């Protein structure tokens with residue numbers, strides 16, 4: 001390995017950049033396609049938040065499980081869910097990850113440890129406790145990550161899960177993706193404590209706040225709490241302060257934002273730009289290499305859209321299947 | 001060899017034998033061992049009515065006491081079920097579903113469908129239900145129609161100790177989420193129960209009494225009350241067929257339809273509140289499918305559209321009794 005300032009090897013950094021860029025292109029394309037009327041239903045975009053999912057998932061394998069949120073595309077891609085199947089799912093196609101029966105808010109791939117995006121805010125936290133319990137009983141060092149937004153962090157089931165995970169000493173990490181807004185409502189107003197670290201200590205577990213736009217900071221902090229969980233040290237809470245570039249959902253007029261807020265975010269707080277500047281500035285990866293990945297990520301997304309567009313819709317014969325495993 | 005066991009003992013035995021057979025089966029719930037972390041004995045309670053007493057002694061940390069936190073531990077049972085375990089979670093009283101229902105109806109029930117047939121959630125949620133225990137409005141409901149309404153859930157309601165053991169073993173082995181009801185008034189009722197493992201398939205109703213004049217369809221504690229009514233009616237020359245549904249989802253409508261084809265008369269008995277009840281569901285299905293076979297209008301005998309009252313004088317009126325059931329049969333036979 002060449003001498004470089006990062007604790008992560010060059011190949012992994014290239015992979016991370018590819019993941020972040022794929023998420024960004026995926027979401028940017030959806031933004032356009034939703035506006036064009038190509039996408040049915042609700043879509044919540046992860047653009048701006050890519051560093052967190054990517055850095056955290058670098059510590060996980062297929063044996064580790066995540067419970068995601070309504071804003072789950074980034075988690076899915078970073079956990080290895082097939083981009084073509086995701087695009088098909090979001091378009092309600094039979095080629096989708098869930099045969100078109102789930103949609104954007106319910107993409108899952110259990111074979112990859114992805115337990116599902118979730119339309120119910122906070123509902124993933126108890127599920128992650130269950131996955132953590134299963135891992136603990138298997139004794140294979142597996143961990144579970146519960147993603148939750150700043151808004152859903154006020155849900156009872158999330159707070160109950162913190163307590164249960166601590167009481168049972170489960171290998172679970174609760175990641176609060178704090179993008180400042182619960183739909184349109186400010187986190188400053190809606191969360192009645194100054195810091196998520198205080199909440200964690202209230203449940204007897206470590207709490208760490210990290211700049212979610214800093215890939216390296218998230219990677220380091222996540223590495224510590226995930227290692228702790230693997231080694232039997234129990235649960236932790238990791239708050240990633242981050243920004244979303246789009247509204248709560250596509251179609252959100254975002255009148256709750258300050259004037260010029262998004263332009264400032266894109267200019268000065270874009271986690272991908274920050275990553276790019278760090279790795280090129282350190283001379284670890286060249287701009288040309290990153291440009292090549294940019295083109296490949298765009299091509300991958302375009303290919304996924306073409307594949308999804310060409311795929312058939314599910315048929316009437318699919319309406320009543322997959323409700324039960326056995327019908328008696 | 002069969003022994004005369006209470007339903008309480010039959011449920012305990014089913015859990016014990018399945019845990020011994022399958023190491024992925026775990027149990028969790030409030031006080032199912034009891035005494036965890038307390039200065040006195042472990043296995044202090046074995047559940048509030050002692051149904052799980054002794055299991056923690058035999059199965060150690062696979063019997064997990066939980067904090068009073070249904071939303072978290074019911075959800076955790078569901079998450080563990082999608083992660084390779086077969087959890088049996090005890091939601092002490094079904095009335096407590098209000099604090100954890102999302103995990104049941106939006107998560108467990110929907111995973112299979114939402115994820116395109118790729119998820120398996122083999123979880124059993126055991127819960128006490130029913131009135132007659134002087135436990136008042138928040139500890140006495142049936143709520144069976146709410147669970148039966150939801151696609152993706154299976155709903156099981158044994159009426160006796162024999163069925164309880166066989167249906168619980170089947171529930172644990174089933175790969176779909178199962179809500180397993182235990183009527184608290186039936187725990188002490190006894191039946192012959194085989195020592196070994198056996199299963200009772202879902203969607204197989206039990207014809208507990210045969211008759212040609214009217215069909216009574218029911219489940220739970222009103223099975224015995226319907227049998228009592230049928231016994232009284234037989235003395236008047238009215239022979240009732242009594243069907244114990246045993247599972248509400250899936251439901252064995254074939255047995256019901258076949259019986260009504262023969263009798264031409266149907267009385268649906270349900271301890272649940274009447275609107276959108278199991279009684280209403282069976283009535284509607286029979287009316288739609290075999291209207292021509294009916295010799296009289298279908299009758300329903302249910303709880304009133306009220307919460308469960310506390311006063312014993314009122315609660316006894318609330319639960320459908322043999323007298324009300326017999327009166328409904330007489331009405332339909334008179335038509």
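The values are calculated or read from the model by the stated rules, or taken from the named source; none is laboratory data. Bear in mind the structure is a predicted one, so any value in this text is a computation, not a measurement. We place every Cβ from the backbone using ideal geometry, glycine too, and count neighbours over all the protein chains shown.
Taking the criterion of being buried (at least 24 other Cβ atoms within 10 Å of the Cβ) and more than 7 Å from every other protein chain (Cβ to nearest Cβ), the residues of the range A:114-123 that qualify are A:114, A:117, A:118, A:122. Output yes when any residue across the range B:8-18 is farther than 15 Å from residue B:173 by Cα, out of contact with any strand residue (DSSP E or B) (no Cβ under 8 Å at 6 or more places or on another chain) and either in the same structural domain as residue B:127 (by TED's automatic domain parsing) or buried (at least 24 other Cβ atoms within 10 Å of the Cβ) (or both), and no when none is. Within the range B:8-18, one or more residues are farther than 15 Å from residue B:173 by Cα, out of contact with any strand residue (DSSP E or B) (no Cβ under 8 Å at 6 or more places or on another chain) and either in the same structural domain as residue B:127 (by TED's automatic domain parsing) or buried (at least 24 other Cβ atoms within 10 Å of the Cβ) (or both). Restricting the range B:173-198 to residues that are crowded, with 21+ Cβ neighbours inside 10 Å and away from chain A (no Cβ under 14 Å), which is farthest from residue B:218 (Cα to Cα)? Restricting to residues being crowded, with 21+ Cβ neighbours inside 10 Å and away from chain A (no Cβ under 14 Å), the top hit is B:193.
For the range A:124-150, the candidate set comprises residues that are within 17 Å of residue A:222 (Cβ to Cβ) and part of a loop (DSSP other than H, G, I, E, B); within that set, the residue that is nearest to the other protein chains (Cβ to nearest Cβ) is A:142.
Taking into account only those residues within the range B:62-73 that are closer than 19 Å to residue B:177 by Cα and within 7 Å of chain A (Cβ to nearest Cβ), which is farthest from the chain's Cα centre (by Cα)?
B:72
Matching residues to (1) within 14 Å of chain A (Cβ to nearest Cβ); (2) out of contact with any strand residue (DSSP E or B) (no Cβ under 7 Å at 6 or more places or on another chain):
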residue	(1), (2)
B:113	yes, yes
B:121	yes, yes
B:125	yes, no
B:130	no, no
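Checking B:47, B:29 one by one, the residue that is modelled with pLDDT under 95 and buried (at least 18 other Cβ atoms within 10 Å of the Cβ) is B:47 and no other. Checked against the criteria, residue B:77 counts as facing another protein chain (nearest Cβ under 7 Å), part of a helix (DSSP H, G or I), within 20 Å of the chain's Cα centre (by Cα) and modelled with pLDDT of 95 or more. All told, residue A:92 falls short of being closer than 23 Å to residue A:248 by Cβ, crowded, with 24+ Cβ neighbours inside 10 Å, in contact (Cβ under 8 Å) with a residue 24 or more places away in the chain and within 14 Å of chain B (Cβ to nearest Cβ). Residues that are within 12 Å of chain A (Cβ to nearest Cβ) and not in a loop (DSSP other than H, G, I, E, B) within the range B:22-59 comprise B:25, B:26, B:28, listed in sequence order.
Yes or no: the range A:280-289 includes at least one residue that is in contact (Cβ under 8 Å) with a residue 24 or more places away in the chain and either under 23 Å from the mean Cα position of the chain (by Cα) or within 14 Å of chain B (Cβ to nearest Cβ) (or both).
Within the range A:280-289 (the criterion being in contact (Cβ under 8 Å) with a residue 24 or more places away in the chain and either under 23 Å from the mean Cα position of the chain (by Cα) or within 14 Å of chain B (Cβ to nearest Cβ) (or both)), the answer is no, since none of the residues qualifies.
Residue A:111 falls short on exactly one of the conditions (1) in contact with a helix residue (DSSP H, G or I) (Cβ under 9 Å, 6 or more places away or on another chain); (2) closer than 30 Å to residue A:308 by Cβ, and that condition is (1). Sort out which residues of the range A:151-166 are buried (at least 20 other Cβ atoms within 10 Å of the Cβ) and either at the interface with chain B (Cβ under 7 Å from one of its Cβ atoms) or within 22 Å of residue A:243 (Cβ to Cβ) (or both), and write them in order of number. Across the range A:151-166, the qualifying residues are A:151, A:152, A:153, A:157, A:158, A:160, A:161, A:164. Looking across the range A:39-72, just one residue is at positive phi and within 14 Å of chain B (Cβ to nearest Cβ), and that is A:41.
Within the range A:235-260, being closer than 23 Å to residue A:211 by Cα and in contact with a helix residue (DSSP H, G or I) (Cβ under 8 Å, 6 or more places away or on another chain) holds for A:235, A:236, A:237, A:238, A:239, A:240, A:242, A:243, A:245, A:246. Cβ separations smaller than 7 Å between residues 6+ apart or across chains give no pair from the range B:87-105 residues that are more than 10 Å from every other protein chain (Cβ to nearest Cβ) and under 17 Å from residue B:136 (Cβ atoms) to residues that are at pLDDT below 95 and assigned to a helix (DSSP H, G or I). Among the numbered conditions (1) in contact with a helix residue (DSSP H, G or I) (Cβ under 7 Å, 6 or more places away or on another chain); (2) under 23 Å from residue A:45 (Cβ atoms); (3) more than 14 Å from every other protein chain (Cβ to nearest Cβ), the only one that residue A:188 does not meet is (1).
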